[in-house]
Amino acid sequence: MKETIYHQWKRLSLVEAQTVLPDGRPHRHHMIRHPDAAVILPILGDGRLVLLNQFRPAVNQWLLEAPAGTLEGDECPLEGAKRELEEETGYQATSWHSLGSALPVPGFCDEVQHFYLASDLTQTEMNLDDDEFVQLRLMTVAEARARIASGEINDNKTVALIARADYQGLLPQPQS
């Protein structure tokens, strides 16, 4: 596939790609090339989820979301998840469970997000980038579900990650 790069910033590229449609016709498609990312759902020993309230300049809002970040170089998704968990939350995990992957915006971007559940957490120290503004938010699974239902949690990767863990029966169940 022939590509023309129109703009590049760090590891993101705006490209025009010469593609072929399923019916055989050639097609010029504009898209963003984006490295893969890791998205993590950390669960404390008491069953609470570790989420972030993070300022996102693109939408000029604070968003409740799961810790996540772009993979560096040829870093494997699990190693990226481990690095991002500690950088953004100040926790390390000894138990990791893959929840598969998702395509956040396949209409115009090739990013793949790799989902993980992290447990058996030990607190260390956060190491945020200078443009990251993050506040930890601990909440029960019931609180997270309610905030998704109300639209307070509206970050797609976070909704998808929590749903994936929930559908696989991996979230702590309320005590009766």
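Annotations for the structure displayed:
- Just one residue in the set E125, E143 is more than 21 Å from G73 (Cα to Cα) and out of contact with any helix residue (DSSP H, G or I) (no Cβ under 9 Å at 6 or more places or on another chain); that residue is E143.
- Single condition R25 does not satisfy, out of (1) at pLDDT 95 or above; (2) surrounded by fewer than 14 Cβ atoms within 10 Å (Cβ to Cβ); (3) under 21 Å from V105 (Cα atoms): (3)
- Test result for A81, modelled with pLDDT of 95 or more, loosely packed, with under 12 Cβ neighbours inside 10 Å and part of a helix (DSSP H, G or I): no
- So P174, is it assigned to a loop (DSSP other than H, G, I, E, B), closer than 21 Å to T70 by Cα and either modelled with pLDDT of 95 or more or not aliphatic (A, V, I, L, M) (or both): no
- Number of positions in segment 87-133 that are charged (D, E, K, R), surrounded by 15 or more Cβ atoms within 10 Å (Cβ to Cβ) and in contact with a Gly (Cβ under 8 Å, 6 or more places away or on another chain): 2
Table: residues versus (1) assigned to a strand (DSSP E or B); (2) modelled with pLDDT of 95 or more; (3) assigned by TED's automatic domain parsing to the domain that holds F133; (4) farther than 29 Å from A118 by Cα.
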| position | (1), (2), (3), (4) |
| --- | --- |
| Q8 | yes, no, no, yes |
| V15 | yes, yes, no, yes |
| P42 | yes, yes, yes, no |
| G47 | no, yes, yes, no |
| V50 | yes, yes, yes, no |
| Q54 | yes, yes, yes, no |
| V59 | no, yes, yes, no |
| L64 | yes, yes, yes, no |
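- Taken as a whole, the condition of being out of contact with any Ser or Thr (no Cβ under 8 Å at 6 or more places or on another chain) and either more than 30 Å from P174 (Cβ to Cβ) or not small (G, A, S) (or both) does not apply to E86.
The values are calculated or read from the model by the stated rules, or taken from the named source; none is laboratory data. In this text, all values refer to a predicted model and were calculated from it rather than measured experimentally. Here Cβ is always computed from backbone atoms with ideal geometry, including for glycine, and neighbour counts include all displayed protein chains.
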